[in-house]
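The values are calculated or read from the model by the stated rules, or taken from the named source; none is laboratory data. Since this is a predicted model, take the numbers as computed values, not measurements. Note: ideal-geometry Cβ built from the backbone for every residue, glycine included; neighbour counts use all protein chains shown.
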Amino acid sequence: MLDSLFIRIMKISKYLHSCLLFEKEDFKLLVDPGMFTFAEGLVKPEMFNDVSAIIITHNHADHLDTENLNKILAAGKAEVYANSEVKQELEKAGIEAVLLREGTLKIGPFKIEAISVVHEPLLDAPIPEMTALVIDDRILHPVDSFEEKLLQYKNIELLLLPIMAPFTNEIKIADFADRLQPKQILPVHDGFAKPFFVKSRQANYAAHFEKQDIKFHPLTEPGSSIEI
């Protein structure tokens, strides 16, 4: 019984903005090590040299940084997974990737449900092909989307919620999570602001969701983590 409980434990670490590391059974899955993650030198690519696999969700610089991705891959043997648009961009940088199609697949011990979603609109910018993720039927990562179809995952255990972006505001962000009603929230996509402002906004969200008995995890330091 204790062994089966141990296998269910997953560690999730946040490395600035939308760079996330999922760890289970000695397997490390890295998602979206983008430009904002490495911009200030607080996080360095060699910190991820031992990752087992990498998923890139879409072709925006804050989620895809080919220069630092190449540095991560140079010292390890991680396999990269990406949708067709990202895959083409990676190939230009000499990076091979496994095509991440919509549907369910296994990556190491993780069950990944890949979902094609629409990126929220940006000023004078094309809409990229983007892939949201459901991990082990427990975690919803909508990436940069609040699409209605994601509400089918209502009451999911953990929502990775983008809390800052030029494409949205706090009212829309809170409304999406209010309707989804996850049990817990981990804030992401907040690498645009200085630390004091990130802490202020996270505290604001925490107070809002506490009224609904939704646990909000304020993670502000690079590498800070939770376990579920």
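Assess whether residue 185 counts as being surrounded by fewer than 19 Cβ atoms within 10 Å (Cβ to Cβ), touching a strand residue (DSSP E or B) at 6+ places or on another chain (Cβ under 6 Å), among the hydrophobic types (A, V, I, L, M, F, W, C) and touching a residue at least 12 places away in the same chain (Cβ under 8 Å). It is false that residue 185 is surrounded by fewer than 19 Cβ atoms within 10 Å (Cβ to Cβ), touching a strand residue (DSSP E or B) at 6+ places or on another chain (Cβ under 6 Å), among the hydrophobic types (A, V, I, L, M, F, W, C) and touching a residue at least 12 places away in the same chain (Cβ under 8 Å).
Total residues in segment 62-94 satisfying the condition of being over 19 Å from the mean Cα position of the chain (by Cα) and either over 16 Å from residue 50 (Cβ atoms) or not aliphatic (A, V, I, L, M) (or both): the figure is 11.
Just one of (1) hydroxyl-bearing (Ser, Thr, Tyr); (2) free of Cβ contacts under 8 Å to residues at least 40 places away in the same chain; (3) within 26 Å of residue 148 (Cβ to Cβ) fails for residue 66. It is (3).
Considering only residues in segment 117-166 that are among the small types (Gly, Ala, Ser) and out of contact with any helix residue (DSSP H, G or I) (no Cβ under 9 Å at 6 or more places or on another chain), the one that is surrounded by the fewest Cβ atoms within 10 Å (Cβ to Cβ) turns out to be 125. Of the candidates 112, 54, the single residue that is under 17 Å from the mean Cα position of the chain (by Cα) and within 16 Å of residue 132 (Cβ to Cβ) is 112.
For the condition farther than 19 Å from residue 132 by Cα and either free of Cβ contacts under 8 Å to residues at least 60 places away in the same chain or in contact with a strand residue (DSSP E or B) (Cβ under 7 Å, 6 or more places away or on another chain) (or both), what is the one hit in 11, 28, 87?
Among 11, 28, 87, only 11 is farther than 19 Å from residue 132 by Cα and either free of Cβ contacts under 8 Å to residues at least 60 places away in the same chain or in contact with a strand residue (DSSP E or B) (Cβ under 7 Å, 6 or more places away or on another chain) (or both).
All conditions but one from (1) crowded, with 19+ Cβ neighbours inside 10 Å; (2) within 19 Å of residue 13 (Cα to Cα) apply to residue 220; the one that does not is (1).
Return yes when residue 146 is under 29 Å from residue 166 (Cα atoms) and hydrophobic (A, V, I, L, M, F, W, C) and no when it is not. Yes; evaluated as a whole, the condition is true for this residue. Counting only strands (runs of 3 or more DSSP E) wholly contained in segment 127-195, the ones carrying 3 or more residues that are at pLDDT 95 or above and aliphatic (A, V, I, L, M) occupy 129-135, 158-162, 184-188.
All of 118, 143 fail the test of being among the β-branched types (Val, Ile, Thr) and under 16 Å from residue 173 (Cβ atoms), apart from 143. Only residues that are charged (D, E, K, R) and part of a helix (DSSP H, G or I) were counted in segment 196-228, giving 3. If the condition is being at pLDDT below 95 and among the small types (Gly, Ala, Ser), then segment 69-89 contributes 74, 75, 76.
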